Amino acid sequence: MYGYQGKVLRINLTTSTYAVEALDETVAKKFIGGRGLGTKMYADEVSPDVDALSPENKLLVVTGPLTGTPTPTGGRYMVVTKSPLTGTIASSNSGGYWGPELKFAGYDVIIVEGKSEEPVYIMIEDDKIEFRPATHLWGKIVSETTKALEAETPEKSRILTIGPAGEKMSHIAAIMNDYSRAAGRSGVGAVMGSKNLKAIVVKGSKKVDLADAEALKAVVKECMQKIKDNGVTGQGLPTYGTAVLVNIINENGVFPTNNFQTSQFDKAEEISGETLAEKYLVKKDPCYRCPIACGRYCKVDDIEGGGPEYETIWAFGGDCGVSDMGAVIKANFWCNEMGLDTISAGATIAAAMELYQKGYIKDEELNGLSLEFGNAEAVVEWTKRMGMREGLGDKMAEGSYRLTDSYGVPELSMSVKKQELPAYDPRAIQGQGLQYATSNRGGCHVRGYLISPEILGLPEKLDRFSLEGKATWVKVFQDLTAFIDSSGLCLFTSFAMGAGDYASMINAVIGTDWTAEDVLMAGERIWNIERLYNLEAGIDPSQDTLPKRLLEDGIAEGPSKGNVARLSELLPQYYSERGWGSDGIPTEDRKALLGL
């Protein structure tokens, strides 16, 4: 098989056994890899009503056909399981170097089943698979675990692990690799922790066979030039990282502040990408074969490490009313060490701050720590407490929806399907609001990044307040993103590349003759199989919505003043655009068209 290694590694933790199975090439090409293939395989094997934290749930780690190839950014992998946070299908993406190493070891997919009686880690070195005790690692933070495993495994092994948050089954726990890369969203770290699986270590020596190496060389050269010439991928992201967005988003009045109570932060410059680069940046921190190098490696006081990203800066910064970049970097550091999703962690602290502001949380619950908006020390300390489930941090570790619901005001959780919204106020960007509401994994910006046309003007500038054509744009972006997530590439390439470019790369790697239309059709198939799984899991179309505040309370001030998310007008258009019934359910005709 070209592009694929043709092997699935099935790990049974209950019996400490494994099996190597053949990858079904027909299914692989139909669902591509990564997110799509993982969802198809998971849905075929696991009941939609499974308890996410039970031994009956499975955890799939899936590469794409472009993972480990010479394609630009070909270093991504996906974790697919049922989310303990949302109850939806979870597919969480990570970069770094671990994903390619799994391909080099000879595997496209790992399926983890059951639960170990004691903490273990898995050592994969090409054809050699070992179950090793991890009791000595249990309780350790991510950097300590990684260093310990580097010392006791073959040189240049790559480490994937959970931190204390995953061990303690926090609903917002991440899976970490290469110290600071995260499969961050939807609580996938909790599923790994529920299985007493501390880490998966990989070391490989194989190569990935290509259908047409010369054709790939030509298309890679062309795509690399497009990435270099693009203002976002060639200039903004390499220079300032994703935090280049802070000032841009804030100036447009789209930067949620104090748990979305306002949409502009008067101290945004102090937590901008420019400030990060000037005062805290040590070096760029690129992923495997990445020409963009948006990753940052920063230092403040005695703390240094990977990050923070734009979303993290917003979550611990503007959303909590904090303008101290040093504190944001420290909070990000502790998320990496504890294994927490930075978006959900920061947004949950922001929700807790509003609960305190409105008198729901009392002083006696705080154990002497502040929960006031703007308190820089608080965001750092509450992050640690969430990771260790200490005091009120135990409640916060369940995410903002369960936290606010426990006080009787779930509407103060700025989430969709119980997953915290990222750093863009949907009242001021109508397409992004529709994408939030319809995302198959809950509140998410990387299921269809409408910020690109609505704010950045790529591939063309759209009026962010207008509804015209937005349902079409959302569908196209969602479908294209599903394909990219499944291919093994980074979503950021889409700032510079289109569906035709991805078709050319995939053709050269796996030997197909797909067109841009085929790429979008594959993405639509993946989107629909996720939708169908969620429907069977009880995630009905009534959950295609936004928090009440964003639907009813107009933005109070700034460039987006007076606007609300006009979801009720857009949703019927979206269902129609998708070829679904007016009830939001895929029709039999649509399923047949997509081969589902």
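The values are calculated or read from the model by the stated rules, or taken from the named source; none is laboratory data. From a predicted model like this one, the values you see are computed outputs, not experimental measurements. No Cβ is skipped: glycine too gets one built from the backbone with ideal geometry, and neighbour counts run over all protein chains shown. Protein only, heavy atoms only, side chains kept; ligands, DNA and RNA dropped before computing areas. Shrake-Rupley method; radii C 1.70, N 1.55, O 1.52, S 1.80 Å.
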Can you name the condition, by its number, that residue 394 falls short on among (1) open to solvent by 10 Å² or more (accessible area, probe 1.4 Å); (2) touching a residue at least 24 places away in the same chain (Cβ under 8 Å); (3) under 23 Å from residue 184 (Cβ atoms)? (2)
Go through the range 497-546 and report how many residues are in a loop (DSSP other than H, G, I, E, B) and in contact with a Gly (Cβ under 9 Å, 6 or more places away or on another chain). 8
Which of the residues that make up the range 297-329 are touching a residue at least 12 places away in the same chain (Cβ under 8 Å), open to solvent by 10 Å² or more (accessible area, probe 1.4 Å) and among the charged types (D, E, K, R)? 299, 301, 304, 309, 311, 324
Please determine whether any residue of the range 241-261 is under 19 Å from residue 495 (Cα atoms), touching a strand residue (DSSP E or B) at 6+ places or on another chain (Cβ under 7 Å), buried (at least 23 other Cβ atoms within 10 Å of the Cβ) and not acidic (Asp, Glu). yes
Can you tell me which condition residue 76 does not meet? The list is (1) of a type outside the set (Val, Ile, Thr); (2) within 23 Å of the chain's Cα centre (by Cα); (3) farther than 23 Å from residue 309 by Cα, and all the others hold. (3)
In the range 17-49, the residues that are more than 20 Å from residue 126 (Cβ to Cβ), open to solvent by 20 Å² or more (accessible area, probe 1.4 Å) and either touching a strand residue (DSSP E or B) at 6+ places or on another chain (Cβ under 7 Å) or assigned to a loop (DSSP other than H, G, I, E, B) (or both): 24, 41, 47, 48, 49
Checking 362, 384 in turn, the sole residue that is charged (D, E, K, R) and either open to solvent by less than 50 Å² (accessible area, probe 1.4 Å) or under 24 Å from the mean Cα position of the chain (by Cα) (or both) turns out to be 384
Condition broken by residue 470, with the remaining ones in (1) touching a residue at least 60 places away in the same chain (Cβ under 8 Å); (2) surrounded by fewer than 24 Cβ atoms within 10 Å (Cβ to Cβ); (3) within 24 Å of residue 516 (Cα to Cα); (4) among the basic types (Lys, Arg) satisfied: (2)
Note down all Cβ pairs under 8 Å where the first residue falls in the range 81-96 and is under 25 Å from residue 307 (Cα atoms) and open to solvent by 10 Å² or more (accessible area, probe 1.4 Å), the second is basic (Lys, Arg) and part of a loop (DSSP other than H, G, I, E, B), and they're at least six residues apart or on different chains. 93/76
Counting only residues that are under 22 Å from the mean Cα position of the chain (by Cα) and without any contact (Cβ under 8 Å) to a residue 40 or more places away in the chain, the range 51-72 contains a total of 1
Going through the range 557-583 in order, the residues found to be small (Gly, Ala, Ser), open to solvent by 70 Å² or more (accessible area, probe 1.4 Å) and closer than 17 Å to residue 477 by Cα are 576
Determine, yes or no, whether residue 180 is open to solvent by less than 10 Å² (accessible area, probe 1.4 Å), among the hydroxyl-bearing types (Ser, Thr, Tyr) and under 26 Å from residue 109 (Cα atoms). no
